[in-house]
Amino acid sequence: MTVFKTLSHLSRVLILCCGLLLAGCASVAGYQNLLQSWVGSTELRLLANWGVPTSIVNEGPVKLLTYFKQEGVYVTGYYGGWAHPLFCTTTFTVNNGVVVNAQFRGNECVD
């Protein structure tokens, strides 16, 4: 702990950012794995676990079930900075009652 106290403020910020970046990569990969584990499951099982989707689009036997979450904002910049929303949009493609695809986008898609 004494070594951390002797580092300059900039060094501490850089170490923290690197740690968060590495943790974020692992978490996104974990989220991707989580989503892929749903491929082959039934729509009923998905709904029982994920709840009611934010939106449902019907295209014949295919449904797009989309879940949206927003977790607040993070601020970048040393003085003042800019606020960026933290969000994740996850879409499951269901064909004839079976999940056939799962995809996501956003900066808060973590497991």
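Out of the residues in the range 47-79 that are at pLDDT 95 or above and of a type in the set (A, V, I, L, M), which is surrounded by the most Cβ atoms within 10 Å (Cβ to Cβ)?
So, considering only residues that are at pLDDT 95 or above and of a type in the set (A, V, I, L, M), the one surrounded by the most Cβ atoms within 10 Å (Cβ to Cβ) is LEU65.
Among the numbered conditions (1) in a loop (DSSP other than H, G, I, E, B); (2) modelled with pLDDT under 95, tell me where LEU86 comes up short.
For LEU86, the exception is condition (1).
Suppose the filter is modelled with pLDDT under 70 and aliphatic (A, V, I, L, M); does LEU44 pass it?
Judged against the criteria, LEU44 is not a match.
Given the criteria assigned to a helix (DSSP H, G or I) and at pLDDT 95 or above, does LEU22 qualify?
In short, no.
Only residues that are outside any strand (DSSP E or B) and over 14 Å from GLU43 (Cβ atoms): list them for the range 61-83, please.
Answer for the range 61-83, where residues must be outside any strand (DSSP E or B) and over 14 Å from GLU43 (Cβ atoms): GLY77, TYR78, TYR79, GLY80, GLY81.
The values are calculated or read from the model by the stated rules, or taken from the named source; none is laboratory data. For clarity, every value in this text was computed on a predicted model and none was experimentally measured. When we count neighbours, we look across all protein chains shown, and the Cβ atoms used for this are built from the backbone with ideal geometry, even at glycine.
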